[in-house]
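Trainee: If you scroll down you'll find the structure; I have some questions about it.
No lab work stands behind these numbers, since they all come straight from the coordinates. Treat the numbers as computed from the prediction; the structure is a model and nothing was measured. Glycine gets a Cβ as well: all are built from the backbone with ideal geometry, and neighbour counts include every protein chain shown.
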Amino acid sequence: MVKGKNFAYVDFSDDRLAGFNDFDSLTRAFYKLYGDFEYVVIDEPQYVKGWGLFVNRLRSVIVTWSSSSLLSGELSTALTGRHVDLTLFPFSFEV
């Protein structure tokens with residue numbers, strides 16, 4: 001989805017981000033690490049309290065997670081209806 005695009009990335013499942021809550025510092029770090037970027041990719045946001053409010057202030061963001069902790073109804077509430085669901089199912093190795 002972001003191939004050939006400049007993007008910033010954060011994985012909130014990283015144990016070093018446990019208890020994280022300083023989204024302003026994260027935004028500054030994005031610009032320091034990635035320079036100018038078009039997209040922000042956020043992985044596993046359910047581990048961070050208040051992530052929905054942070055995402056709401058971003059322009060182009062891709063949010064991914066690998067658990068059922070965010071059901072589609074909860075997602076639409078968290079993002080106040082500004083989202084597009086893209087569900088990826090496990091790959092089948094049947095021949």
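Trainee: Per 10 Å bin, what is the whole-percent P(r) computed from every C-alpha pair distance within region 26-66?
Mentor: Answer for region 26-66: a P(r) of 25, 60, 15 percent.
Trainee: Cβ neighbours within 10 Å, averaged per peptide: list 37-50, 11-24 in order, most packed at the top.
Mentor: 37-50, 11-24
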